[in-house]
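Okay, so here's the structure we're looking at.
The values are calculated or read from the model by the stated rules, or taken from the named source; none is laboratory data. Since we're looking at a predicted model, the values are computed, not measured. Because the Cβ atoms are built from the backbone with ideal geometry, glycine has one as well, and the counts that use them run over all protein chains shown.
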Amino acid sequence: MASHHSYLCLLAQMFWAVGLCASCLPAQTLTISPPRVLRDQTAVIGTSALRPHEPVTLKADLVDGEGQRWVSEAEFVADAGGNLDLSRQAP
């Protein structure tokens, strides 16, 4: 994708808990609530301060307690207000 493609990186701190990578632009905001969740809980993930209809790639990467690496990646498109709410928008 073109240079207009934002890459918001997620680095897992523990199973199903994520944190923001330092490489993300400071003007853009990634919110995760609550900051830590168990596998049977739901995390609300969203972004703001994107350009309207901007493509976004969210990535997660973690190593679990048994040394197994887990990687996930999905592409989304920000809404007309430049926001992304994963509880309402599918990849």
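As for segment 55-71, it holds at least one residue that is among the acidic types (Asp, Glu) and at pLDDT 90 or above.
In segment 26-49, what residues are in a strand (DSSP E or B) and more than 21 Å from ALA90 (Cα to Cα)? Explain how you work it out, then say what you get.
Of the residues in segment 26-49, the ones in a strand (DSSP E or B) are 29-33, 44-48.
Matches in segment 26-49: none.
Does LEU11 fit the bill of being touching a Gly at 6+ places or on another chain (Cβ under 7 Å), at negative phi, at pLDDT below 90 and of a type outside the set (Val, Ile, Thr)? Let's see the steps before the verdict.
Values: touching a Gly at 6+ places or on another chain (Cβ under 7 Å): yes; at negative phi: yes; at pLDDT below 90: yes; of a type outside the set (Val, Ile, Thr): yes.
Considered against the rule, which asks whether it is touching a Gly at 6+ places or on another chain (Cβ under 7 Å), at negative phi, at pLDDT below 90 and of a type outside the set (Val, Ile, Thr), LEU11 comes out as yes.
Out of all the residues in segment 50-88, which are surrounded by 14 or more Cβ atoms within 10 Å (Cβ to Cβ) and assigned to a loop (DSSP other than H, G, I, E, B)? Steps first, answer last, please.
Here is the first cut: in segment 50-88, the ones surrounded by 14 or more Cβ atoms within 10 Å (Cβ to Cβ) are 50, 54-62, 76, 78-79, 82-86.
Answer for segment 50-88, where residues must be surrounded by 14 or more Cβ atoms within 10 Å (Cβ to Cβ) and assigned to a loop (DSSP other than H, G, I, E, B): LEU50, GLU54, ALA78, ASP79, GLY82, ASN83, LEU86.
Of all positions in segment 19-28, at least one carries a residue that is at pLDDT 85 or above and within 13 Å of the chain's Cα centre (by Cα).
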